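Heads up: the structure comes next, in structure tokens.
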């Protein structure tokens, strides 16, 4: 069975400082991994995806994530936070082998707060 | 390119009333999903449809029914609404193992 753990429910950083949102996963197969962002009162927007190509993945708005199989992690980073980054972030694993719920598992989310 | 369209965007119901939430996608995706989002609980899967003609229960199916009308449309029905079903509902679609595309949500309040 697969699972996703977002290690922090809330992260607070100052504008202009680095952002790190942590995600660990478990999977019996070679997974795909995604990060989504949700701004207040909006739907989920795909930030980036890992699908077994390059382990360092670049996404929109300056975000990137590194797939580390040995650590079963897929942490999301950004060098310099902007006020517009304040949102909820979700890590998702797709097991690519079918199974329950079509192989998708969502993390509980991390709320990113940007201090001026 | 509309992507995933949900209607309505907002709705207020009284306890016991029925309602259908509509979802349509124009990306020719096989799989479609319904989630509910509640504060502190992330996204929880209600039902999904891996392909036209099939539907399966997710984590929280009680009190809901779904219909995969055709490849484009996947509706969610509340037969007798309860205050516990007050939530934000999201529809999503995807093709095979690619990321999902989400609609903008339906904000439902049940009094």
>> Can you find, within the stretch A:37-49, the residue that is surrounded by the most Cβ atoms within 10 Å (Cβ to Cβ) among those that are at the interface with chain B (Cβ under 8 Å from one of its Cβ atoms) and not in a loop (DSSP other than H, G, I, E, B)?
In response: A:44
> Taking the condition surrounded by fewer than 18 Cβ atoms within 10 Å (Cβ to Cβ), at pLDDT 95 or above and either under 14 Å from the mean Cα position of the chain (by Cα) or in a loop (DSSP other than H, G, I, E, B) (or both), does residue A:20 pass?
Replying inline: yes
>> Can you find, within the stretch A:78-99, the residue that is farthest from the other protein chains (Cβ to nearest Cβ) among those that are part of a loop (DSSP other than H, G, I, E, B) and at pLDDT 85 or above?
In response: A:80
> If you take the residues in the stretch B:102-111 that are surrounded by 19 or more Cβ atoms within 10 Å (Cβ to Cβ) and more than 8 Å from chain A (Cβ to nearest Cβ), which one is farthest from residue B:41 (Cα to Cα)?
Replying inline: B:110
>> Anything in the stretch B:47-67 that is within 13 Å of another protein chain (Cβ to nearest Cβ), crowded, with 17+ Cβ neighbours inside 10 Å and in a strand (DSSP E or B)? List them, or say none.
In response: B:47, B:48, B:49
> Of the numbered conditions (1) more than 29 Å from residue B:7 (Cβ to Cβ); (2) not in a loop (DSSP other than H, G, I, E, B), residue A:52 satisfies every one except a single condition; which is it?
Replying inline: (2)
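The values are calculated or read from the model by the stated rules, or taken from the named source; none is laboratory data. A quick note: this is a predicted structure, and the numbers were derived from the prediction, not measured. Please note: Cβ atoms are built from the backbone with ideal geometry, for glycine as well, and neighbour counts cover all protein chains shown.
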